[in-house]
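*Asks:* One structure follows; several queries about it will come next.
The values are calculated or read from the model by the stated rules, or taken from the named source; none is laboratory data. It should be emphasised that the depicted structure is a prediction, and the values quoted were computed from it without experimental measurement. Every residue, glycine as well, gets a Cβ built from its backbone with ideal geometry; the counts of neighbours run over all protein chains shown. Accessible surface is based on the protein model in full, side chains and every heavy atom, while ligands, DNA and RNA are left aside. Shrake-Rupley method; radii C 1.70, N 1.55, O 1.52, S 1.80 Å.
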Number of protein chains: 2
Amino acid sequence: MQRTLLAVATATALFGQLLVAQPLRAAALGDATDAQIAKIVNEGLSHSQAMANASELMDGIGPRLTNSENFDRAADWALGKFKTYGLSNIHKESYPFGVNWNLDSWDAKMVQPRAITMRAMPVAWTPPTNGTITAPVILAPMSKKEHFDKWRGKLSGKIVLVSLPGEASQSEKPQFHRLDGKELADLDKYDLPGDESQPYKGFSKSVAFARELSQFLKSEGAVAMVRKSYRENGLVSGEGYNIDPAKRLVLPFMELSSEDYRRLARLETTGKPPVISLEIAAHTNDADTSADYLIADIAGSDPKAGYVMAGGHFDSWIAADGATDDGVPSVIVIEAARIIRSLGAQPKRTIRFALWSGEEQGLLGSIAYIEKHLATRPVDRNAYGVERFATWATQFPITKGPDYDQLKAYFNLDNGAGKIRGIYAENNIAAEPLLKKWLSPFAGMGAGTVVGSRTGGTDHEFMQAVGLPGFEFIQDPLDYGSRVHHSNIDTLDHAPPDDVRQAATVLAAMLWQAANSDAVLPRPPLPTAPSKSNPFRIDDPDKD
Amino acid sequence: MQRTLLAVATATALFGQLLVAQPLRAAALGDATDAQIAKIVNEGLSHSQAMANASELMDGIGPRLTNSENFDRAADWALGKFKTYGLSNIHKESYPFGVNWNLDSWDAKMVQPRAITMRAMPVAWTPPTNGTITAPVILAPMSKKEHFDKWRGKLSGKIVLVSLPGEASQSEKPQFHRLDGKELADLDKYDLPGDESQPYKGFSKSVAFARELSQFLKSEGAVAMVRKSYRENGLVSGEGYNIDPAKRLVLPFMELSSEDYRRLARLETTGKPPVISLEIAAHTNDADTSADYLIADIAGSDPKAGYVMAGGHFDSWIAADGATDDGVPSVIVIEAARIIRSLGAQPKRTIRFALWSGEEQGLLGSIAYIEKHLATRPVDRNAYGVERFATWATQFPITKGPDYDQLKAYFNLDNGAGKIRGIYAENNIAAEPLLKKWLSPFAGMGAGTVVGSRTGGTDHEFMQAVGLPGFEFIQDPLDYGSRVHHSNIDTLDHAPPDDVRQAATVLAAMLWQAANSDAVLPRPPLPTAPSKSNPFRIDDPDKD
């Protein structure tokens, strides 16, 4: 018991939201799980391996674009960790994805009127330049096909700046932030279901337009295309979505920092067009168009009790090390497995750990898992990437898969590297009491909040969409959304070690409780096509 | 008069601090200067050339390290502008500075365990690498000679990481900010004079240590030294102060972004030392050790009335374009000259415009001007850079120079590119009423505040130190101090055009009023060596 007290006291000292004396929450649960939670806290906070593992992955291996050689290196590392920690059923599952593409090196320089090294990132899945391309730029902002005519005949031999330069706009809000009590309370609301039939139509169109633009520019004799970063202050990201082998970009596509892009734009607008040089070295393996996600289990004692599950996406973008998105949360998933294995006890239900891929191109790995194990919808399984993602959740009817009734809880971690502050109940009102009970030992670590609202864009989303109990944690935002997400500063420096330990501890305890609880999380009825909220509404045909 | 109303109305619309109706301040002054101020407002706000000039300088020419070839290019450009705008007495004045050093290109890559392009900046005045240096790193933090023994014999063939990696620390305050009324009010206080005999002793020691460290590392066979940026989020700066031809750095010295530095440090600490490659191409002209500042006048009608003056420092660091520090303010000084010339009227007093250099290495250009024209102190004129700067203001007696009684006001602009919010009275209580009067037309543009306090580190400082009426404006901080100052994002994007027009207009009006006013700014008595504030205090001999 001394050990339990120490562990809880340590937790309070480290994460203490309350400086005044408070009841020892773990000790207040009053059943056999108590001592195991205390052990989880001790193992997770005082014997953490998470940051050491995170450095091996983020520093040593680096970014993990889906279906790249570096993703495979990282996958081998993760499977090795699961093996080291004594998990079972360790394996990869494949699904059709898109081009195997690997970035080797890149460079972007202004040559005239003076020499500058610019901050740049190739757009993922761009063709390489095959050496250095040096050419004058032309500022020709185009965002739809109607803009093409204006530039026809003017682009030959040019590197085309395709974004509007705009004016710099700086937020007056803090870029690094932790949630206060009011902000947490504001999240506790019921989100009325929307009724957009194709919520991602605009995204899908913009991906198609990038390809159409590259075709137009190539037909006009342009030699490369360049866009502006959507962030300020030297940050670049390089997101790209043209992964379909039959619909590739046909011209090298580079992203420049806002500062570097606007400097070129100002010079082009006021005088002689600057000359720049671009270099992108990348290689593809056209024979390989499938991607993998990773699975590992801690087997349960009762095969009829179903399984619980945790996951994060192991893939990242290419601009830095994919630390906060979503490498560190992936390491936290591995760490939760290690912590639970350290208990030396077998859970009632199997606990499954998933490291997804293809998340950044549209939750593609978790969709593949759902289709293989949980539920199917009448969708085109040959569609690629965003096209597959954009319409997936809108198709009915849903057909239950083999594990539909077996999956008792899924916890996803993909809101950066900030500590866990609570969980979104996803409009599942009936699930709130059990979620609250499981989080209650961690109120003193700041993680006790259950809110009604929904959150999207992460791998629990399409489980929810078929009526399964898939949840995403609330995390302190830190500087994830303001500057780090997808950017060239997404390194381990943006994952505070204390936050990482806390999150792994809370995740492990949630899984342990969900795996052993007599009660299981209630579910909504199997979703069917919803009626319109306003049956008289006529959709604007031009709206994306 | 219609034109005046329009100009003031435009100003209010653009910068309106007050949305309610207010008296037309320019019209309220009630003397012949009124119409001229209205013309200044119209010219400065509705016919501004400042941003176009700023782009020519910042985008087209770029950074302007003192005594570099690029500074000379920029100086020719500025002298041409003064000529275009019809100023007289346009010339450069030289002073002994230090090595003529020019950065040509640079690169920093991690090679093992994987390939990454790092964000890096050579430290100014570093020796070049003469090609690419590739070597393993060693983490050997050293900040004083006492640390050398620990690393002796371990550094041969290594690239030495000399900074403590520390942990990332992110501010929870906004990085972009404008002053509110309370913050302006808080600046209005009398700063009791301090009594440190050598306020910059620590700075001077740290510059000497960089050289000593490079000598130690070279003697141990190390091949290069690397420090960590003092900023986060991919920002680097590369400030260096070893300009003395006889006391140069003897090993190539590179600065890495915090993220890149800490990644190397983590890898070195936990496993096989990473291998990196560094390349610095730079050239010097050892025959040229003098620097120039620039002077141009608008001649006054009354040679006996003395002169007034405005200045900013034309030199910058090397990491970006030196826009907010201090290129844009320098362009604003030029624009004030243009605005005043556009009046078609001759001022009573000569108005002098100065574009300093050597400011970043210790206000060296303005010191040289002071010594040539205004006042001398018993200092070592052969000392270089920081050594000259650090003790200059502490030496007595002060001897008046030829222009000491002629300089009636000096206004400096060097707090970034934010609009003018007021002026520091520099403990000169008697000067406040006249400063308030001159700023009063601009209260509606947010520039009406006069505060008692002092501000330092800019080129008015040593004029104040000899008892002259040198002042610095209060400016909105924007993101100057939080991330842009000296960094690789100091580009024109961080200078909002509306702020730039406003500052040029206010500066022009201040100069015009100071040049024509019957009253002149009162001065304190000629400074003599101060007594200790506490005559019983014994200084700690170890304190820097």
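*Asks:* Any chance segment A:501-511 includes a residue that's open to solvent by 10 Å² or more (accessible area, probe 1.4 Å) and either under 20 Å from the mean Cα position of the chain (by Cα) or in the same structural domain as residue A:327 (by TED's automatic domain parsing) (or both)? Let's see the steps before the verdict.
*Replies:* Just the residues of segment A:501-511 that are open to solvent by 10 Å² or more (accessible area, probe 1.4 Å), to begin with: A:501.
With either under 20 Å from the mean Cα position of the chain (by Cα) or in the same structural domain as residue A:327 (by TED's automatic domain parsing) (or both) added as a condition, the list becomes A:501.
Yes, there is a match, as at least one residue in segment A:501-511 is open to solvent by 10 Å² or more (accessible area, probe 1.4 Å) and either under 20 Å from the mean Cα position of the chain (by Cα) or in the same structural domain as residue A:327 (by TED's automatic domain parsing) (or both).
*Asks:* Counting only residues that are open to solvent by less than 50 Å² (accessible area, probe 1.4 Å), of a type in the set (S, T, N, Q) and within 12 Å of residue B:375 (Cα to Cα), how many does segment B:390-410 have?
*Replies:* The total comes to 0.
*Asks:* Within segment A:92-111, how many residues turn out to be open to solvent by 50 Å² or more (accessible area, probe 1.4 Å) and either under 19 Å from the mean Cα position of the chain (by Cα) or more than 30 Å from residue A:228 (Cβ to Cβ) (or both)?
*Replies:* 3
*Asks:* Same structure again: Can you work out which of the residues in segment B:247-277 that are over 27 Å from the mean Cα position of the chain (by Cα) and more than 14 Å from chain A (Cβ to nearest Cβ) is surrounded by the most Cβ atoms within 10 Å (Cβ to Cβ)?
*Replies:* In this case the residue turns out to be B:251.
*Asks:* How many of the residues making up segment A:301-331 are open to solvent by less than 20 Å² (accessible area, probe 1.4 Å), among the small types (Gly, Ala, Ser) and closer than 23 Å to residue A:513 by Cβ?
*Replies:* Qualifying residue count for the region: 6.
*Asks:* Which condition does residue A:387 not pass, out of (1) open to solvent by less than 30 Å² (accessible area, probe 1.4 Å); (2) outside any loop (DSSP other than H, G, I, E, B), if it passes all the others?
*Replies:* Failed condition: (1).
*Asks:* Moving on to the next point. Residue by residue through segment A:172-213, note down the ones that are hydroxyl-bearing (Ser, Thr, Tyr) and closer than 20 Å to residue A:540 by Cβ. Walk me through it before giving the result.
*Replies:* Step one: of segment A:172-213, the residues hydroxyl-bearing (Ser, Thr, Tyr) are A:190, A:197, A:200, A:204, A:206.
Within segment A:172-213, A:197, A:200, A:204, A:206 meet the criteria.
*Asks:* Here's a follow-up. When segment A:171-207 is examined, which residues are found to be within 14 Å of chain B (Cβ to nearest Cβ) and under 30 Å from residue A:238 (Cβ atoms)?
*Replies:* To start, the set of residues in segment A:171-207 that are within 14 Å of chain B (Cβ to nearest Cβ) comprises A:171-180, A:183.
Hits for segment A:171-207 are A:171, A:172, A:173, A:174, A:175, A:176, A:177, A:178, A:179.
*Asks:* Which of the residues spanning segment B:129-142 are within 21 Å of residue B:273 (Cβ to Cβ) and either in contact with a strand residue (DSSP E or B) (Cβ under 7 Å, 6 or more places away or on another chain) or surrounded by fewer than 16 Cβ atoms within 10 Å (Cβ to Cβ) (or both)?
*Replies:* To start, the set of residues in segment B:129-142 that are within 21 Å of residue B:273 (Cβ to Cβ) comprises B:129, B:132-142.
Scanning segment B:129-142 gives B:129, B:132, B:133, B:134, B:135, B:136, B:137, B:138, B:139, B:140.
*Asks:* Exactly one condition in (1) touching a residue at least 24 places away in the same chain (Cβ under 8 Å); (2) outside any loop (DSSP other than H, G, I, E, B); (3) among the small types (Gly, Ala, Ser); (4) closer than 27 Å to residue B:108 by Cβ is false for residue B:206; which is it?
*Replies:* (1)
One line per residue, one yes/no per condition, for (1) among the charged types (D, E, K, R); (2) without any contact (Cβ under 8 Å) to a residue 40 or more places away in the chain; (3) not assigned by TED's automatic domain parsing to the domain that holds residue A:126:
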{"site": "A:277", "(1), (2), (3)": "no, no, no"}
{"site": "A:297", "(1), (2), (3)": "yes, no, yes"}
{"site": "A:315", "(1), (2), (3)": "yes, no, yes"}
{"site": "A:320", "(1), (2), (3)": "no, no, yes"}
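*Asks:* Restricting the search to segment A:65-92, which residues are in contact with a Phe, Trp or Tyr (Cβ under 6 Å, 6 or more places away or on another chain) and either farther than 23 Å from residue A:280 by Cα or within 12 Å of chain B (Cβ to nearest Cβ) (or both)?
*Replies:* Once the filter is applied, which keeps residues that are in contact with a Phe, Trp or Tyr (Cβ under 6 Å, 6 or more places away or on another chain) and either farther than 23 Å from residue A:280 by Cα or within 12 Å of chain B (Cβ to nearest Cβ) (or both), segment A:65-92 yields only A:90.
*Asks:* When you go through B:292, B:288, B:302 one by one, which is the residue that is over 21 Å from the mean Cα position of the chain (by Cα), under 24 Å from residue B:248 (Cα atoms) and away from chain A (no Cβ under 14 Å)?
*Replies:* Numbers: B:292 fails: over 21 Å from the mean Cα position of the chain (by Cα); B:302 fails: under 24 Å from residue B:248 (Cα atoms).
Residue meeting the stated conditions: B:288.
*Asks:* Within 25 Å of residue B:202 (Cβ to Cβ) and in contact with a Phe, Trp or Tyr (Cβ under 6 Å, 6 or more places away or on another chain): which single residue out of B:510, B:463 fits that description? I'd like the intermediate steps shown before the answer.
*Replies:* Values: B:510 fails: within 25 Å of residue B:202 (Cβ to Cβ).
From the options B:510, B:463, the qualifying one is B:463.
*Asks:* Looking only at residues in segment B:115-170 that are assigned to a strand (DSSP E or B) and either free of Cβ contacts under 8 Å to residues at least 12 places away in the same chain or under 16 Å from residue B:236 (Cα atoms) (or both), which one is farthest from the other protein chains (Cβ to nearest Cβ)? Write out each step before concluding.
*Replies:* In the first step, residues of segment B:115-170 are kept if they are assigned to a strand (DSSP E or B); the result is B:116-117, B:120-122, B:132-139, B:159-161.
Filter once more, so that each one left must be either free of Cβ contacts under 8 Å to residues at least 12 places away in the same chain or under 16 Å from residue B:236 (Cα atoms) (or both): B:117, B:120-122, B:161.
Working: B:117: 7, B:120: 10, B:121: 10, B:122: 12, B:161: 14 Å.
Ranking the qualifying residues of segment B:115-170, first place goes to B:161.
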